[in-house]
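The structure appears below as C-alpha cells.
The values are calculated or read from the model by the stated rules, or taken from the named source; none is laboratory data. Since the model is a prediction, treat every value here as computed from it, not as a measurement. FYI the Cβ positions are ideal-geometry reconstructions off the backbone, even for glycines, and counts take in every protein chain you see. Heads up: the accessible areas ignore ligands, DNA and RNA and are worked out on the full protein's heavy atoms, side chains in. Shrake-Rupley method; radii C 1.70, N 1.55, O 1.52, S 1.80 Å.
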Amino acid sequence: MTVKDLATLTPSGYPAVSLLMPTHRTPPENQQDPIRLRNLVAEAKRRLETDESVPKPVAAQVYQEIADAAEQLDLRQVGDGLALFASPGQVHVRLLDTTVNERVVVADTYEVRDVVADAARRHRYWALVLSEQPTRLWSGDGDDLVEVRSHGFPFTHEGPGGTTGLPRDYGQNPSAIRDERHRQFFRDIASSLADVDALDSRPVFVLGVERYLAFFADEWGRPIAGAVPGNYDHAGAHEVYKLLAPQLAAYNNMRQVAALEALDAARGANRFAAGLAEVWSLAHQGRAAHLLVEESYHSPAWVHGDHLHPPDQQPKHEESATLIDDAVDDIVEAVARHGGEVTFVGDESLSGDGRVALIVRY
C-alpha cells in the first residue's frame with residue numbers, strides 16, 4: 001500500500017480493531033514477543049465480547065480473523081513494530097521499522113497514524129534486473145526486497161533470438177531480427193512494469209548489461225532513478241540491494257535537495273509555513289501540498305480544539321485537552337490523508353524553521 005492508501009484505509013464496518021505492539025529483532029528481547037502478541041489478541045477478544053453493540057457472530061468472526069493473522073506471523077522476521085487491523089471480512093498486517101506504543105483499540109476507524117508515519121519514512125522503489133533468462137522485478141522497501149510474481153514477471157525471452165534460435169535462411173539478417181525481438185521483449189517488460197507502477201508509483205532502478213539498459217530505456221520512455229551496468233542474472237535480494245545502495249542514497253539526497261529548493265521558492269511566494277503548531281493546524285485543514293520534516297524530529301503535544309500546544313504548556317481547560325505522544329506523526333498522517341507529499345530531510349536542514357515546514361496549497 002502507498003502512504004496515501006494507508007492514511008485512507010477504511011474498515012468494512014464496526015468494529016474496527018487496531019492492535020499495535022513493539023517488536024524486537026534479536027534475542028533475548030524478541031523471546032517475549034510471542035507472549036505479548038498472545039496477550040494482545042486475548043485483550044482484543046475480551047473487548048469484542050464485552051462490547052454490547054457488536055453482535056456475537058460478528059465479534060467471533062473478527063476475533064478469528066485477528067487470531068488467524070497473528071498465528072501466521074513469523075516473529076523471528078520482524079522490525080521494530082507490528083500493526084494489525086481487522087474489521088468484518090477484512091484484515092491487514094503491517095511490519096514497521098519504527099516502534100509503537102502497545103495498545104488495542106476498538107473504534108469506528110483504524111489507528112493508522114503510526115503506520116502512515118512509518119511508511120512515509122521508508123524508501124520504497126522498484127528494482128528491475130534485466131536478463132533474457134529471465135528479467136525479474138523486485139519490490140524494494142529499504143533493504144527488504146521481495147520478488148514480484150505477477151503481471152508477467154519474471155519475463156523469459158522466447159522466440160527467435162531467445163529460447164528459439166535465429167533463422168538461417170538466405171537473405172535474412174539475423175542481427176536485425178535479433179534486435180527487433182529484443183525490442184519487443186523489452187517493450188513487453190516496460191508495458192507490464194507500467195501496469196505495476198500504476199497501482200503503486202515508485203522510483204524505478206534498473207540493473208543489466210549496457211545493451212539491455214539501452215533497449216529498456218528506449219521502451220520505458222520515463223525517467224529512471226538509477227542504473228547499475230553488469231550481468232546480474234543470478235543475483236539474489238541481498239546482492240541486488242548492495243548493488244543499489246549507492247544509487248538509492250544518491251536518489252534520496254537529490255529528492256531532499258529538490259524539496260528544500262521548492263521550500264525556498266514557496267517562502268518567497270508566501271506559500272510557506274513553519275513550526276509545529278502552525279504546520280499541524282494547516283495540515284488538518286487539508287492545505288498541505290508538501291511537508292518537510294527532519295528525520296529524527298518527534299514531539300509530544302497538547303491538542304485543545306483546533307489548536308496545538310507544546311507539551312510543557314498544558315491548556316487551562318485540561319479536561320478538554322488531549323496529550324498526543326507524537327504530533328509529528330499526527331501531521332504526517334493528516335498530510336497523507338489529504339493527498340499531500342511528505343519528504344524527510346537531514347537533521348539541522350530546517351533548524352531555522354522549527355524542524356518542520358510546509359508548502360501550502362493556497
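Mind counting the residues in segment 13-51 that are open to solvent by 70 Å² or more (accessible area, probe 1.4 Å) and either among the aromatic types (Phe, Trp, Tyr) or modelled with pLDDT under 95 (or both)?
8
Kindly indicate whether any position in segment 269-286 is open to solvent by 60 Å² or more (accessible area, probe 1.4 Å), closer than 30 Å to Val146 by Cβ and in contact (Cβ under 8 Å) with a residue 60 or more places away in the chain.
Within segment 269-286 (the criterion being open to solvent by 60 Å² or more (accessible area, probe 1.4 Å), closer than 30 Å to Val146 by Cβ and in contact (Cβ under 8 Å) with a residue 60 or more places away in the chain), the answer is no, since none of the residues qualifies.
In the set Leu292, Leu263, Leu282, Leu323, which member is on the phi < 0 side of the Ramachandran plot and in contact with a Ser or Thr (Cβ under 7 Å, 6 or more places away or on another chain)?
Numbers: Leu263 fails: in contact with a Ser or Thr (Cβ under 7 Å, 6 or more places away or on another chain); Leu282 fails: in contact with a Ser or Thr (Cβ under 7 Å, 6 or more places away or on another chain); Leu323 fails: in contact with a Ser or Thr (Cβ under 7 Å, 6 or more places away or on another chain).
Answer to the check: Leu292.
Restricting attention to segment 14-38, and to residues there that are hydroxyl-bearing (Ser, Thr, Tyr) and under 23 Å from Pro57 (Cα atoms), which single residue is nearest to the chain's Cα centre (by Cα)?
Checking each candidate, the answer is Ser18.
Residue pairs, Cβ under 9 Å, 6 or more apart or interchain, first in segment 196-211 and free of Cβ contacts under 8 Å to residues at least 40 places away in the same chain and basic (Lys, Arg), second buried (at least 17 other Cβ atoms within 10 Å of the Cβ) and not in a loop (DSSP other than H, G, I, E, B). List them.
Arg211/His182
For segment 295-322, give me the residue count where each residue is surrounded by fewer than 13 Cβ atoms within 10 Å (Cβ to Cβ) and in contact with a strand residue (DSSP E or B) (Cβ under 8 Å, 6 or more places away or on another chain).
So the answer is 5.
Given the conditions (1) part of a helix (DSSP H, G or I); (2) under 25 Å from the mean Cα position of the chain (by Cα); (3) not hydroxyl-bearing (Ser, Thr, Tyr), report the number of the one that Arg76 does not fulfil.
(1)
Report every pair of residues separated by at least 6 positions or lying on different chains whose Cβ atoms are under 8 Å apart, first residue within segment 72-88 and on the phi < 0 side of the Ramachandran plot and charged (D, E, K, R), second assigned to a loop (DSSP other than H, G, I, E, B) and open to solvent by less than 10 Å² (accessible area, probe 1.4 Å).
Cβ pairs passing all conditions: Asp80/Thr23.
Restricting attention to segment 181-225, report how many residues are open to solvent by less than 50 Å² (accessible area, probe 1.4 Å) and either on the phi > 0 side of the Ramachandran plot or part of a helix (DSSP H, G or I) (or both).
Final tally of qualifying residues: 17.
Residues to consider are Thr2, Thr98; find the one that is free of Cβ contacts under 8 Å to residues at least 60 places away in the same chain, of a type in the set (Val, Ile, Thr) and either surrounded by fewer than 19 Cβ atoms within 10 Å (Cβ to Cβ) or on the phi > 0 side of the Ramachandran plot (or both). Show your work before the answer.
Numbers: Thr2 fails: free of Cβ contacts under 8 Å to residues at least 60 places away in the same chain.
None of the other options fit; the residue is Thr98.
Would you point out which residue out of Leu282, Leu308, Leu291 is under 16 Å from Val328 (Cα atoms) and in a helix (DSSP H, G or I)?
Leu282
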